[in-house]
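Notes follow the structure.
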Amino acid sequence: MGGTKASGRLRQAAVRSVGGLPRQFWWLWTSTLVNRLGAFVATFLALYLTVERGYSASYAGLVGALYGLGGVVSSIGAGVLTDRIGRRPTLLVAQLSTALSVAALGLVTHPVAIAAVACLVGMATNASRPAVQAMMADIVRPEDRVRAFSLNYWAINLGFAVSSTSAGLIAQYSYHLLFFGEAAMVLATALLTFWKLAESRPTAEPERETRPGRDADISMWTVLRDSRFMVVVALNLLLATLIQQAFVSLPISMGQQGLNSTDFGTVIAVNGVLIVLLQLPLTRFIEHRDPAKLLIVSALLTGYGFGLNAFAGSSAAFYAFAVVVWTLGEMINSPTQMGLVVRLSPTHGRGRYQGMYTLSWSVANLGAPLLGGTVIDHYGADTLWAASAAIGTLAALGYGLLLRSMRAAEAEEPAPMCPEPPSPAPEREPTH
């Protein structure tokens, strides 16, 4: 009897998590999952350059920074294209370009060519993000968006958990298999986009926003003048800079301690596994709680989680424990912060706003490798991890001040933030 009740509760929880979303969302979700199942290269690029090719940590940091520079360029451009030519065309161009450039990166050998192609890979890979996020906001009802973004984030990390573990084993035999395997998976994603995803860009001119300073015609200058949104972007940049150390500085630091690619693959997979297991129930737990406290706690967990790496030495288990701590911070931050992003993004400028938000991750991709590689080469990895704890503390203070100012502004302005024009509810599909 108890087992029947428990299974019934689990079934109800599953329905609450995944039920009632439109069919196109699930095709978009599937394309995200397939893409992330083959996302090998960015995770293992630093190890490929330092272990397989014999380059220095500084050179690996430079290549990672150029990868990030490509993302900086494409974030804004793809955001504008998402609003102008549509979500689906932007996705297809980005996916096909990613497949070609990743395959090319596995073939080039000259250091200048590696750096140049890595920049192209960064451009192509990041170009799809504003389109995916804008399409998701288009096709999902407002009351379901936080849940939809959590499900998409869950798919990203499910794919990452599988790909990071398998890639660590594949790299023991051939790094080239990583490059060509990712190219094949991205091509499969492009086929899904072509066959199953319809264009979702709103065709009718939406009503004007009621917030002062908002115009019906959104430009990038409009986004830059939105001070609240830009503070969110800046704070996300701080935390994204920390999280990116997991893919550049962490493998280098572990390699210096005598650990290999399999050790790193197993340790970093803890991040994806935890998110896969806990993200959905955690989202239900935190969605109605005070966002100020959640964001502050998430920043502290992220910063101090990376700070713990200073005490890991050659223990893969301790590195895994540190991953648990900063992953909890990431899991709390993601749905809470995306709630702010969705509220602050007007319907008719979603591509540009999502492009600017994606830019914070791209700038982190650019700055984190340079910062991490340089600090490790000149001051040692322990200094980098101590600085990470300080950055987490700074971000926590920033979130506290931001939420405090937003509450004060809302008390003076009774109108809700970023109200959306009414729209018909999308057709509901059976749960997958």
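For the chain, what is the calculated [θ] at 222 nm in deg cm²/dmol (nearest 500), taking -39500 (n - 2.57) for each run of four or more DSSP H residues and dividing by its residue count? Could the numbers behind the result be given before it?
Values: 17 runs with 329 residues, N = 432.
Rounded to the nearest 500, the figure is -26000 deg cm²/dmol.
Sort TYR175, TYR399 so the one with the fewest other Cβ atoms within 10 Å of its own Cβ comes first. All intermediate terms of the calculation are to be shown ahead of the outcome.
Numbers: TYR175 22, TYR399 29.
Listed from fewest to most nearby Cβ atoms, that is TYR175, TYR399.
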Pick from ALA387, ALA124, ALA99 the residue whose mean-square fluctuation is largest in a GNM of the chain, springs joining Cα atoms under 10 Å.
ALA387
Under Karplus coefficients 6.51, -1.76 and 1.60, residue-wise ³J(HN,Hα) of segment 147-154 in Hz, glycine/proline x:
5, 5, 5, 5, 5, 5, 4, 5
Each residue of segment 60-68 in turn: what ³J(HN,Hα) in whole Hz from Karplus with 6.51, -1.76, 1.60 and θ = phi - 60°, glycine and Pro shown as x?
4, x, 5, 5, x, 5, 5, 4, x
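May I ask you to sort PHE180, PHE40 by Cβ crowding, counting other Cβ atoms within 10 Å and putting the fewest first? Don't skip to the answer; put the middle values down first.
Working: PHE180 17, PHE40 26.
Going from least to most buried by this count: PHE180, PHE40.
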Can you work out ³J(HN,Hα) from phi for every residue in segment 324-337, in order, using Karplus 6.51 cos²θ - 1.76 cosθ + 1.60 and θ = phi - 60°, giving whole Hz and x for Gly and Pro?
4, 5, 6, 5, 4, x, 4, 5, 6, 5, 4, x, 5, 5
Residues ARG225, ARG88, ARG53, ARG36 arranged by fewest to most Cβ contacts within 10 Å:
ARG225, ARG53, ARG88, ARG36
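Every number in this text was worked out from the coordinates using simple rules, so none of it is lab data. Since the structure is predicted, the reported quantities are computational estimates derived from the model, not experimental observations. Note that we place each Cβ from the backbone using ideal geometry, even for glycine, and neighbour counts take in every protein chain shown.
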